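J.: Below is a structure I'd like to ask you about.
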Number of protein chains: 2
Amino acid sequence: MITLNDCINSDAQDPIARLRDQFALPDNVIYLDGNSLGAQPKSAAMRAQQVIQQEWGQNLIRSWNTAGWFDLPSRLGDLLAPLIGARPAELVVTDSTSINLFKTLAAALQIQAKKYPHKKKIVTERQNFPTDIYMIQGLTAWLESDYEIVLVDTTEQLTAAIDTETAVVLLTQVNYRSGEMLDMHSLTAHAHAQQALTIWDLCHSAGAVPVDLNGCKADMAVGCTYKYLNGGPGAPAYIWVAERHLADFAHPLSGWWGHATPFSMQDTFTPTATIRRALCGTQPVVSLALVESGLQIFQQTDMATLRKKSLALTDLFIQLMTEQCPSNDLTLITPRNHEARGSHVSYMHPHAYPLVQALIQRGIIGDYREPSVMRFGFTPLYTRFVDVWHAVAALRTILETQAYQLNAVRHTVT
Amino acid sequence: MITLNDCINSDAQDPIARLRDQFALPDNVIYLDGNSLGAQPKSAAMRAQQVIQQEWGQNLIRSWNTAGWFDLPSRLGDLLAPLIGARPAELVVTDSTSINLFKTLAAALQIQAKKYPHKKKIVTERQNFPTDIYMIQGLTAWLESDYEIVLVDTTEQLTAAIDTETAVVLLTQVNYRSGEMLDMHSLTAHAHAQQALTIWDLCHSAGAVPVDLNGCKADMAVGCTYKYLNGGPGAPAYIWVAERHLADFAHPLSGWWGHATPFSMQDTFTPTATIRRALCGTQPVVSLALVESGLQIFQQTDMATLRKKSLALTDLFIQLMTEQCPSNDLTLITPRNHEARGSHVSYMHPHAYPLVQALIQRGIIGDYREPSVMRFGFTPLYTRFVDVWHAVAALRTILETQAYQLNAVRHTVT
C-alpha cells in the first residue's frame, strides 16, 4: 500500500519540483485541470503590464516594429518548436485550433486532390474532440464535394480504416476524454503507405508528452497553447507544416498577414514563401505575448524529464485509486500501458457529475466530460505527488459518505 | 488666419475634453494614429491584472463560468451595438476582421446562390484595404466557382458597378487611405434594388463616425476593435448579421463555439440559433476582456458629440494646412465635404515617407501609406485642438527647412 509518506518522499526527490514556484497557484486548491486550462505563470502578470503600459500605452503604433509584435507568431513558434519535434521557422502561433484545423485540412485536401483525385475519404475518430469533426463537416459541406467523412469508432479500427481511398487522416494524439495516446509514428507511416496525409491535433499532448513531428514524418499539425503550455485562457493556437509541403500549402483564409509583402498594399494575394502563409489577419497581441511566459518555463527542463514525472504521477493516481477507492462503479478508461497514455486519467462513474462537483467544493479541481467521465490532469510542471494523494483521499471520503448525492439533487433542481 | 489661441479656446469649450484623462498617453507625443492603433485606456492595465491574477491565476478553469469568459463575445457585442446602430444580441466580438470577412462572404454568397444562382459578381473597391480583397480571392478560388470579382477603380463608379448580376457588395465605409466615407444608406439601398447583399467593413468608422446598420438596412458587417474603439493591439474583431438573415447565416468555419450545445460533445455540427453561430473556436480571453475597457469610455458620451468634434478637428487640420503649409507638392486626398469624410485626413507628397519619419522624430505620430500618402487620424475621444496646431506647425518647419531630406537618405541606405 502506498502511503502519504511515500508521496512526500517522491516530491522531495523530484528534480523539477522547484518549477512549481513559477506558477501562481491558489492556496487550498489541488489543481488537476491543467489539461483544460494551464496554471498562470507568475511572469505573465508582469509581461502583461509591460505590453499594456509600455508597448501599447507609451510606444503605441511603433511597437509593431520596436516591440516585435508583428514577428510574435514566428518568435513564439520558434520557442515552441523543440517541444514538438519541429524546427524553428516551421510553425507559427496564431488564431484558434479550430481555424488552424480548417487551414490544414483545406490545404491537405487540395494537395491530395491534385495528386490523387480519386481519394475521397477523410478519416478521424468519432471520439475525437468535437471541433475537429465539426471543422471537417464545415469544410466538406461547403466544397459540395463527394468527400466521405469516416468516423472510426475504436482506435483498434483506425489502421484498417486508413486505406487507399483515404485522402487525409485527422487525429488527435491524446484523446481529450480518455487520455489514450495514439502511436503517431506507426499511424503516420501506415497513412503514408496508403498515400494519405496526416494532420495531428496536439492540444492534449504538447508540453505533456514528447512529440516528434519530424521524426514521425508527420505532414501537418495544430494545437492550443492554453493547456499544458500555460499560455493563458484561450491563448492563440499554433500551426505546423512539414517543410516538404510548404510550397504547396494553400488555404482559403488568405488574409494580409500571409501576404509576401503585406505592407505594399497590392490588390492581389501572393502568399509568402515561409510558414507565415499560415497567418491570416491581425493577431491579439496581449494574449499572444503571454504565451511566451508559459514557454519560457519549459526552457528550464526537457520533455524526457517531464514525461517521466507525468507517468509517475498518473501511475500513482491509478494505483492509489485501486487501493483507496475499490468501488465497482469506477471504470478506468485511460490505458494502463505507458505507450498509450497521455498526461490525464479518466474514470467513468454513474454519478460522475456530482462527484466532480463534490471534489471542487473541497478545492480539488478536476472536470467532468460527457458522458459520465471524471477527468484528472497531471501537469508535471506543477503537480505534486502529495496532491495526488490528497485528491484520492478526498474522493474516497466522498464515495464512502456518499456526499455527492447532495450535488446530484442540486444539479437537478437548479 | 487661425491662431494657437483659437485652438486653446476650442479645447476650453470642448464638452468631452475631460475624456482624454482616461487614456494613458505618453508625454511629449502628439498621437495622430488612433485610426491605426487606438490609445490605451488607463483602466485596461488594471483589468488585465484582474483577468490574469484573479480570474486565471486564482479561479482557474472555473472562470469560464464565474467570470463570464464564455459569454464575453456576446457581452462585448451588446456594449458595442449602440455605436454602430445595432441591437444587442445581433453581434459578437471574435476572431480577426479577415476571418469575419470570410464568414460573412461565405454566408452571403450561399444565401444568394440559393435565391439567385445567376448572380456571380462580387463588387468591391480596388482601393479597399487589401485583406478585404484577399479574402474574396481566397474564398472564390477555393470554391472553384465562376464568381467574378469586380474591383471598382473610383467611388463614383460604384453605383453603376452594382448591377443585376451582382451577388454581394463588400465595401469599407471609410477608406483606410483617403479617409473618404461612402454613403452606406444609399449604396445599400441601391444594392438591394439590384437584389444584392451588402457586407460593410467598419474598421475605420466604428467609434469615429455614427453608423446606423439597421437604419441603413445593411445585411452584414465586420470591423476591428483596436482602432477608434481602443480595444488594444490586435484585439478581436466583431461580426454583425441582420436579424432577417440569421436563420440562413451559415459558414464553413463551424467550430464548437458556434454549436447549439457546445458541451454536449456531439459528433455532428448543429449551429446555435443565435448570432453565436458566427463564433468558431476558443477566444483569446485576455485580449478580449480589454475590449471592454475601450467600450466603457464611449458610454460617457454619444456618437453625435464625437462626430461633431471629429469634424471640427479635421476641418481645423485642413484649414491650418492650407494656411501654414501652402506647398504645391501637398495634395489633399480626403474629401472636404463632411458627408464624405471619416475621422482621418491624408495628403500625398512626393516625400511623404521621410516627412512622416521627420514628424515622428519630433513626437508627432501619424503614418505613411503606399504610395506617397501621409495619414493623420483625429480620435475625438483624446485628440486636442492644440495637438492639431502643433502638428501642422511642426510639418511647416520640416517642409521649410527640408529637414526630411536627411530621412530620405537614411531610408535609402538602411
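J.: Is the shape of chain B best called rounded, prolate or oblate, per the rule: a/c under 1.5 gives rounded, else a/b larger than b/c gives prolate, else oblate, with a ≥ b ≥ c the square roots of the Cα gyration tensor eigenvalues?
T.: On the way: a/c = 1.97, a/b = 1.34, b/c = 1.47.
Verdict is oblate for chain B.
J.: OK, next. For the range B:1-46 and the range A:319-341, what is the separation of their Cα centres, given in Å?
T.: So the two Cα centres are separated by 63 Å.
J.: Let me ask something else about it. Report, in degrees rounded to the nearest 10, the 0 to 90 angle that the Cα long axis of helix A:285-298 makes with the longest principal axis of chain A.
T.: In chain A, helix A:285-298 runs at an angle near 60 degrees to the longest axis.
J.: On a 0 to 90 degree scale, rounded to 10, what angle separates helix B:352-361 from the longest Cα axis of chain B?
T.: Between helix and principal axis, roughly 80 degrees.
J.: For chain A, find the longest principal axis of its Cα atoms and tell me its angle to the long axis of helix A:404-413, 0 to 90°, nearest 10.
T.: It is inclined by approximately 50 degrees.
J.: Go from 0 up to the bin containing the longest alpha carbon distance in the range B:151-219, width 5 Å each, and give me the % of pairs per bin.
T.: That works out to 3, 17, 31, 26, 15, 6, 1, in percent per bin.
J.: Moving on. Which number comes out as Rg/Rh for the range B:1-89 once both Rg and the Kirkwood Rh are worked out on C-alpha atoms? Working shown, then result.
T.: Numbers: Rg = 18.9 Å, Rh = 16.8 Å.
Value, to two decimals: 1.12.
J.: Which whole number of Å³ per residue matches the convex hull of the alpha-carbon atoms in the range B:99-199? Spell out each step's value before the answer.
T.: Working: hull volume 8.8 nm³, N = 101.
So the per-residue Cα hull volume is 87 Å³.
J.: Still on this model: For the range A:344-380 and the range B:89-128, what is the separation of their C-alpha centers, rounded to whole Å?
T.: Measuring centre to centre over Cα atoms gives 42 Å.
J.: Kindly provide log₁₀ I(q)/I(0) values, in the same order as q = 0.16, 0.18, 0.21 Å⁻¹, from the Debye equation applied to equal alpha-carbon scatterers of the range B:202-350.
T.: At q = 0.16, 0.18, 0.21 Å⁻¹ the computed log10 ratios are -1.01, -1.15, -1.31.
J.: Calculate log10 I(q)/I(0) of the range A:1-46 for q = 0.26, 0.28 Å⁻¹, where I(q) comes from the Debye formula with a single equal point scatterer on each Cα and nothing for solvent.
T.: Treating every Cα as an identical point scatterer, log10 I(q)/I(0) equals -1.09, -1.11.
J.: Using only DSSP helix segments of four residues or longer, with each worth -39500 (n - 2.57), what per-residue ellipticity at 222 nm results for chain A after dividing by its residue count and rounding to 500? Walk me through the numbers before you get to the answer.
T.: Working: 13 runs with 151 residues, N = 414.
Counting only the DSSP helices, I get -11000 deg cm²/dmol.
J.: Near the amide H of B:MET265, under 5 Å away, which other amide H atoms are found, from residues 5 or more places off or on another chain, if H is placed in the peptide plane?
T.: Under 5 Å from the amide H of B:MET265: no residue qualifies.
J.: Which order do B:THR124, B:THR274 fall in if you start with the one that has the fewest other Cβ atoms within 10 Å?
T.: Values: B:THR124 26, B:THR274 15.
Least crowded to most crowded, the residues run B:THR274, B:THR124.
J.: Something else now. Beyond 45 Å, how much of the Cα-Cα pair distribution for the protein assembly as shown remains, as a whole percent?
T.: 28
J.: Related question: If you find the alpha carbon centre of the range B:151-200 and of the range B:244-302, how far apart are they in angstrom?
T.: A separation of 27 Å, based on Cα centres.
J.: I would also like to ask the following. Which number comes out as Rg/Rh for the range A:268-390 once both Rg and the Kirkwood Rh are worked out on C-alpha atoms? Provide the component values of the computation, followed by the final result.
T.: Working: Rg = 19.5 Å, Rh = 17.4 Å.
Radius of gyration relative to Kirkwood radius: 1.12.
J.: Around A:CYS7, what is the net charge, scoring Lys/Arg as +1 and Asp/Glu as -1 over all other residues with Cβ under 9 Å from its Cβ? Provide the component values of the computation, followed by the final result.
T.: Numbers: positive: A:ARG384; negative: A:ASP6, A:ASP11, A:ASP387.
Counting the neighbours of A:CYS7, the net charge comes to -2.
J.: Right, next: Sorted from largest to smallest, which semi-axis lengths in Å does the alpha carbon gyration tensor of the range A:54-106 give for its equivalent ellipsoid, taking the root of 5 times each eigenvalue? Present the calculation step by step, with values, prior to reporting the outcome.
T.: Numbers: eigenvalues 136, 45, 12 Å².
Largest first, the range A:54-106 gives 26, 15, 8 Å.
J.: Could I ask something else about it? What do you get when you divide the Cα radius of gyration of the range A:1-154 by 2.2 N^0.38 Å, with N the number of residues?
T.: Working: Rg = 22.4 Å, N = 154, 2.2 N^0.38 = 14.9 Å.
Against the empirical 2.2 N^0.38 Å value, I get 1.50 for the range A:1-154.
J.: Something else: Say a paramagnetic label sat at a point 7 Å from the Cα of B:GLN405, along Cα to Cβ; which residues of the range B:356-371 have their backbone N under 16 Å from it?
T.: Output list for this probe position: B:358.
J.: Let me ask something additional. What is the mean projected area of the alpha carbon convex hull for the range A:188-250, to one decimal in square nanometres?
T.: Working: hull surface 19.2 nm².
Directional mean of the projected Cα hull area for the range A:188-250 stands at 4.8 nm².
J.: From the P(r) of the range A:134-292, can you give the percent of Cα pairs sitting at distances over 21 Å? Before the final figure, lay out the partial values.
T.: Values: 6941 of 12561 pairs.
Counting pairs separated by more than 21 Å, the tail of P(r) holds 55 percent.
J.: Let me ask something else about it. In terms of Cα to Cα distance under 30 Å, which lysines are near enough to B:LYS114, apart from those fewer than 8 places away along the same chain?
T.: B:LYS114 reaches A:LYS103, A:LYS114, A:LYS119, A:LYS120, A:LYS121, B:LYS103, B:LYS217.
J.: Right, here's the next one. Run the numbers on chain B and let me know its relative contact order in percent, using alpha-carbon pairs under 8 Å that are six or more apart. Can you show the working numbers first?
T.: Values: 761 pairs, mean separation 91.4, N = 414.
Computed over chain B, the figure is 22 percent.
Coordinate-derived values only; no laboratory data. Values in this document were obtained by computation on a predicted structure and should not be read as measured data. Glycine also receives a Cβ, built like all others from the backbone with ideal geometry; neighbour counts cover every protein chain displayed.
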